[in-house]
1. Tell me whether region 36-46 contains one or more residues that are over 16 Å from the mean Cα position of the chain (by Cα) and aliphatic (A, V, I, L, M).
2. Of everything in region 161-215, what is assigned to a helix (DSSP H, G or I) and of a type in the set (Gly, Ala, Ser)? Give them in sequence order.
3. Inside region 3-90, counting only strands (runs of 3 or more DSSP E) that do not spill past its ends, which hold 2 or more residues that are modelled with pLDDT under 90?
4. Please identify the pairs in which a residue from region 192-207 that is basic (Lys, Arg) has its Cβ atom under 8 Å from the Cβ atom of a residue that is part of a helix (DSSP H, G or I), counting only partners at least 6 apart or on another chain.
5. Given the criterion of a type in the set (S, T, N, Q) and touching a strand residue (DSSP E or B) at 6+ places or on another chain (Cβ under 6 Å), identify the matching residue among ASN101, ASN109, ASN140, ASN116.
6. Out of (1) assigned to a loop (DSSP other than H, G, I, E, B); (2) surrounded by 16 or more Cβ atoms within 10 Å (Cβ to Cβ), the odd one out for GLU115 is which?
7. Taking region 68-88, which residues are surrounded by fewer than 17 Cβ atoms within 10 Å (Cβ to Cβ), farther than 17 Å from ASN46 by Cβ and of a type outside the set (Lys, Arg)?
8. Sort through ARG100, ARG139 and tell me the only one that's over 16 Å from the mean Cα position of the chain (by Cα) and surrounded by 17 or more Cβ atoms within 10 Å (Cβ to Cβ).
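The values are calculated or read from the model by the stated rules, or taken from the named source; none is laboratory data. Note that the coordinates shown come from a computational prediction; the quantities given were computed from them, not determined experimentally. When we count neighbours, we look across all protein chains shown, and the Cβ atoms used for this are built from the backbone with ideal geometry, even at glycine.
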Amino acid sequence: MEITTSKYLISSPKVEDCPKPDKPEYAFIGRSNVGKSSLINMLTNNAKLAKTSGSPGKTQMINHFEIKTSSTFEGKESTASFYVVDLPGYGYAKVSQTQRNKWEKMIENYLRLRENLIAVFVLIDSRHEPQNLDLQFLRNLGEWGVAFNIIFTKADKSTQKEAARNARSFIDEMKKEWEFIPRNFMTSAVKFTGRKEILRYIEELNQEYFSAQTN
C-alpha cells in the first residue's frame, strides 16, 4: 500500500460533527506529548499534515485527515481511502478540571459511538516504565468494547535495549489483566521505524472492511 495523498479535513468538537462515516477510520491517542502528530506525519510521509508542538495539550478536538492509497495485487492496481483521526491527549493536567472532563467525555463519546471506527492505536512512550495512566485508559477501552492496538513511540530517544525493555514491561503488566494482548509496534518518527508494519496492518483491516461492504 502506497499513500498517494493525505490532507486535513476538519476538527470537530463532538462526534456528531465528524465527517460522514463512509470510510474505515483509525484513531490515534495517548498521553499528551507522546508524539501523536509526529507519528501521523511519519506514517503519511507528510511532515506538514498534523501540527506538532512542544506544548502538551494543543490538540483539543477530533481532528480528521483523509488518506488516499494505491495498491498492486496480482498485477492489478486499486485505490482506496480511509480516515486517520488525531484525538486529544489524555492526562494533561494544566487545564481546568471542567475542561479535562469535557475532553474526556468527547473522547469517550467518539470512541463508543463512531460507527466506522475500525481500530484505536494507543501510543505509549517507550522511554518510560509502565504508567498507570496508560494502563487505566486501556481498561476504559476494554469496558467500552473498543478494539485497540499499541504503538510504542520515540524509540530513537533511548537505546534499543531500553526501549525494548520498557515495551516488554508494559506488555507484562497488561498480561496481568488481559487474556488477549493486541498487536503492538515499536516506532520512531525520526527513523521511520515501524511505518511499513503499521501501514501493512491498516491495509489488512481496510481489505476486511471493503470486503464486508461488498458482501
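1. Within region 36-46 (the criterion being over 16 Å from the mean Cα position of the chain (by Cα) and aliphatic (A, V, I, L, M)), the answer is no, since none of the residues qualifies.
2. ALA163, ALA164, ALA167, SER169, SER211, ALA212, listed by residue number.
3. On the way: elements: 25-30, 62-73, 76-86.
Filter on region 3-90 gives 62-73, 76-86.
4. Between residues of region 192-207 that are basic (Lys, Arg) and residues that are part of a helix (DSSP H, G or I), the close pairs are ARG195/MET42; ARG195/LEU43.
5. Details: ASN101 fails: touching a strand residue (DSSP E or B) at 6+ places or on another chain (Cβ under 6 Å); ASN109 fails: touching a strand residue (DSSP E or B) at 6+ places or on another chain (Cβ under 6 Å); ASN140 fails: touching a strand residue (DSSP E or B) at 6+ places or on another chain (Cβ under 6 Å).
Going through ASN101, ASN109, ASN140, ASN116 in turn, just one is of a type in the set (S, T, N, Q) and touching a strand residue (DSSP E or B) at 6+ places or on another chain (Cβ under 6 Å): ASN116.
6. Exception for GLU115: condition (2).
7. Scanning region 68-88 gives SER71, THR72, PHE73, GLU74, GLY75, GLU77, SER78, THR79.
8. Values: ARG139 fails: surrounded by 17 or more Cβ atoms within 10 Å (Cβ to Cβ).
The unique qualifying residue is ARG100.
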